[in-house]
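Q: Take this structure, written in structure tokens, and hold onto it; I'll ask about it next.
The values are calculated or read from the model by the stated rules, or taken from the named source; none is laboratory data. A quick note: this is a predicted structure, and the numbers were derived from the prediction, not measured. Neighbour counts run over all protein chains shown; Cβ positions are idealised from the backbone, glycine included.
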Ligand code: BGC
């Protein structure tokens, strides 16, 4: 059945238009991240699925987003919540079927929303047929598709290297026959050997599989990690890194670009690549490589005018060097929700600095998150919204230990479940319209004021703020200007203009500041104090 469907000629013509007057959509899009387990449950099993997404497409259309980025929805044992993919050409039954995914792509397009799928090329699931074959027989040719190596020490019982993994655990696991295999993430995520032509062919074919089904873009997970130095040196300062940003990775993306260019429409390759060294970063965005890169600099930054300005400058500078659009992200499925971050004394985010359980002022965090929405939606480039940002959701820090499944929990003591809690859609109590049964993670009872239904008719809600801001982003000519320039109003105020006609002012000081001279107030993140902007409040102004 599946094979027959794959062979059908289903190359779809892209009919969507650019989102603003200048340039292709991916340069200025508002992209909404759907984390499918937690968006909406259509079949009543307590876990989100494609049926739930289809039922709530109207929410995304009314919000005004240009594209959906779908976190992995492929068959997976879920050792890392779907980032351990067992088959890139199908859908996990918990989410639905390939036919439903195809229908969703069509329905999203009909609603004017583009679709981006998440491809994870650095590693696959240990349940993938390639790895199962590699594990079953030390002489299997599939071993070459991974990094199997003998151990060090007399009995080979020491790991081949001392590399530290992304989850801060070990990076090698020993198999029954005595060899070790490399996994930069969890042991259930063996790293692929990108020096092998079969790996390259397979992923080019996977890209075609999804482009044939009409998707508009590919988000590339951990894009700079693919290549490894086969001599396996240790990580040392002043010597080339053995697995981060190796030169050979660019051949991979040149080949991928040839694939995306062979399709009609503006199909985009968006890499998860961030490195502050401008030249290295820029290499990924050369004209024959990726269209855009996805970065987390602003996300990790403290609520601090000087540091935020530096982060914005750093990001714009790196992208301007190659003519690529910047991308702005406040939250995602890996990090503490920003309402919570901005309500703490330490407002930074880093996996190495676990702030779970430290005091949070949610009212302050919400006020800042509202201001941050106007900041991130008015900077030049593309902006990402993580599902629930538009509802002002906070981190659920009260997840019982026995409901923690994230591999990061055991290894770092910080689990990512708190930002992955099912969305509240309607009603006064959990499951808040997410499902008809108890959701897979507990929803805070206090979310009853934050449901999409409760916020929809309330002009002062976070949802109304996001809807208004996204609509203005389309309508205001100033917000289509390619560049921004800082306005020096006050050392603790971020203020900038886009062309002559638009300005954004974010008051990060402890006292109110006067509105600058302007023609009209377009939007404010909170109540103003006469003609003054209170602390932690942002405004959008049409300028004279
Ligand atoms: C994803 C994480 C995942 C990791 C390993 C990251 O970029 O966002 O959720 O655990 O890659 O695939």
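Q: Condition check: under 22 Å from residue 390 (Cβ atoms), modelled with pLDDT of 95 or more, in contact with a strand residue (DSSP E or B) (Cβ under 9 Å, 6 or more places away or on another chain) and within 16 Å of the ligand (Cβ to nearest atom). Does residue 115 satisfy that?
A: No, not satisfied.
Q: Here's a follow-up. Exactly one of these conditions fails for residue 62: (1) within 16 Å of the ligand (Cβ to nearest atom); (2) outside any loop (DSSP other than H, G, I, E, B). Give me its number.
A: Just one mismatch for residue 62, condition (1).
Q: Which one is nearest to the chain's Cα centre (by Cα) among residues in region 216-232 that are more than 16 Å from the ligand (Cβ to nearest atom) and surrounded by fewer than 22 Cβ atoms within 10 Å (Cβ to Cβ)?
A: The selected residue is 227.
Q: Still on this structure: For residue 239, work out the one condition from (1) at pLDDT below 95; (2) within 16 Å of the ligand (Cβ to nearest atom) it doesn't fulfil.
A: It fails just one condition, (2).
Q: Within region 148-167, which residues are within 16 Å of the ligand (Cβ to nearest atom) and modelled with pLDDT of 95 or more?
A: Here is the first cut: in region 148-167, the residues within 16 Å of the ligand (Cβ to nearest atom) are 163-167.
Within region 148-167, 163 is the sole residue that qualifies.
Q: Can I ask one more? Given the criteria out of contact with any strand residue (DSSP E or B) (no Cβ under 9 Å at 6 or more places or on another chain), closer than 30 Å to residue 231 by Cβ and away from the ligand (no atom under 14 Å from the Cβ), does residue 133 qualify?
A: Details: out of contact with any strand residue (DSSP E or B) (no Cβ under 9 Å at 6 or more places or on another chain): yes; closer than 30 Å to residue 231 by Cβ: yes; away from the ligand (no atom under 14 Å from the Cβ): yes.
Judged against the criteria, residue 133 is a match.
Q: Can you name the condition, by its number, that residue 474 falls short on among (1) in contact (Cβ under 8 Å) with a residue 40 or more places away in the chain; (2) over 28 Å from residue 314 (Cβ atoms)?
A: Among (1) in contact (Cβ under 8 Å) with a residue 40 or more places away in the chain; (2) over 28 Å from residue 314 (Cβ atoms), residue 474 violates only (2).
Q: For region 427-457, how many residues are surrounded by fewer than 16 Cβ atoms within 10 Å (Cβ to Cβ) and not in a helix (DSSP H, G or I)?
A: Adding up the residues that qualify gives 7.
Q: Checking the structure you have, find out if any residue of region 440-461 is away from the ligand (no atom under 16 Å from the Cβ), touching a helix residue (DSSP H, G or I) at 6+ places or on another chain (Cβ under 7 Å) and farther than 22 Å from residue 53 by Cα.
A: yes
Q: For residues that are in contact with a helix residue (DSSP H, G or I) (Cβ under 6 Å, 6 or more places away or on another chain) and in a loop (DSSP other than H, G, I, E, B), scanning just region 145-174, find the one that is surrounded by the fewest Cβ atoms within 10 Å (Cβ to Cβ).
A: Restricting attention to region 145-174, the residues satisfying the condition of being in contact with a helix residue (DSSP H, G or I) (Cβ under 6 Å, 6 or more places away or on another chain) are 145-146, 167-169.
Remaining after also requiring in a loop (DSSP other than H, G, I, E, B): 167-169.
Working: 167: 22, 168: 13, 169: 17.
Filtering region 145-174 for residues that are in contact with a helix residue (DSSP H, G or I) (Cβ under 6 Å, 6 or more places away or on another chain) and in a loop (DSSP other than H, G, I, E, B), the one surrounded by the fewest Cβ atoms within 10 Å (Cβ to Cβ) comes out as 168.
Q: Additional query: Would you mention how many residues in region 73-84 are within 12 Å of the ligand (Cβ to nearest atom), without any contact (Cβ under 8 Å) to a residue 60 or more places away in the chain and touching a helix residue (DSSP H, G or I) at 6+ places or on another chain (Cβ under 8 Å)?
A: Residues that pass the stated criteria total 1.
Q: Scan region 400-422 and give yes if some residue there is away from the ligand (no atom under 16 Å from the Cβ), surrounded by 23 or more Cβ atoms within 10 Å (Cβ to Cβ) and farther than 28 Å from residue 318 by Cβ, otherwise no.
A: Scanning region 400-422 turns up at least one residue that is away from the ligand (no atom under 16 Å from the Cβ), surrounded by 23 or more Cβ atoms within 10 Å (Cβ to Cβ) and farther than 28 Å from residue 318 by Cβ.
Q: Which of the residues spanning region 480-504 are touching a strand residue (DSSP E or B) at 6+ places or on another chain (Cβ under 6 Å) and closer than 18 Å to residue 323 by Cα?
A: The answer is 481, 484, 485.
Q: Looking at residue 187, is it assigned to a loop (DSSP other than H, G, I, E, B) and more than 21 Å from residue 75 (Cα to Cα)?
A: Details: assigned to a loop (DSSP other than H, G, I, E, B): yes; more than 21 Å from residue 75 (Cα to Cα): no.
No; evaluated as a whole, the condition is false for this residue.
Q: Give region 495-506 a look and list any residue that's under 9 Å from residue 539 (Cβ atoms) and free of Cβ contacts under 8 Å to residues at least 60 places away in the same chain, or say none.
A: Our first condition is that a residue be under 9 Å from residue 539 (Cβ atoms); within region 495-506, this holds for 503-506.
The answer is 503, 505.
Q: Looking only at region 1-26, how many residues end up being outside any loop (DSSP other than H, G, I, E, B) and modelled with pLDDT under 95? Quick ask: steps written out before the conclusion?
A: Taking region 1-26 first, the residues outside any loop (DSSP other than H, G, I, E, B) are 2-7, 25-26.
Narrowing the set further to residues that are modelled with pLDDT under 95 leaves 2-7.
So the answer is 6.
Q: Could you tell me how many of the residues in region 116-144 are surrounded by fewer than 22 Cβ atoms within 10 Å (Cβ to Cβ), more than 19 Å from residue 200 (Cα to Cα) and touching a residue at least 12 places away in the same chain (Cβ under 8 Å)?
A: Summing the residues that are surrounded by fewer than 22 Cβ atoms within 10 Å (Cβ to Cβ), more than 19 Å from residue 200 (Cα to Cα) and touching a residue at least 12 places away in the same chain (Cβ under 8 Å) in region 116-144 gives 3.
Q: Which residues, taken from region 204-215, are under 13 Å from residue 118 (Cβ atoms) and either out of contact with any helix residue (DSSP H, G or I) (no Cβ under 6 Å at 6 or more places or on another chain) or within 16 Å of the ligand (Cβ to nearest atom) (or both)?
A: Filtering region 204-215 for residues under 13 Å from residue 118 (Cβ atoms) gives 206-207, 210, 215.
Hits for region 204-215 are 206, 210, 215.
Q: Is at least one residue of region 168-188 within 16 Å of the ligand (Cβ to nearest atom), in the same structural domain as residue 248 (by TED's automatic domain parsing), over 18 Å from residue 228 (Cβ atoms) and under 28 Å from the mean Cα position of the chain (by Cα)?
A: Checked region 168-188: no residue is within 16 Å of the ligand (Cβ to nearest atom), in the same structural domain as residue 248 (by TED's automatic domain parsing), over 18 Å from residue 228 (Cβ atoms) and under 28 Å from the mean Cα position of the chain (by Cα).
Q: Determine the pairs where a residue that is on the phi > 0 side of the Ramachandran plot, located within region 232-260, has a partner that is assigned to a loop (DSSP other than H, G, I, E, B) and crowded, with 16+ Cβ neighbours inside 10 Å with Cβ atoms under 7 Å apart, the partner being 6 or more residues away or on another chain.
A: Final answer for the pair search is 232/160; 232/161; 232/242; 245/224; 245/275.
Q: What residue, of 473, 411, is under 23 Å from residue 300 (Cα atoms) and either modelled with pLDDT of 95 or more or not in a loop (DSSP other than H, G, I, E, B) (or both)? Reasoning before the result, please.
A: Details: 473 fails: under 23 Å from residue 300 (Cα atoms).
From the options 473, 411, the qualifying one is 411.
Q: At pLDDT 95 or above and more than 17 Å from residue 123 (Cβ to Cβ): is that true of residue 202 in this structure? Please lay out each step first, then the result.
A: Values: at pLDDT 95 or above: yes; more than 17 Å from residue 123 (Cβ to Cβ): no.
Answer is no for this residue.
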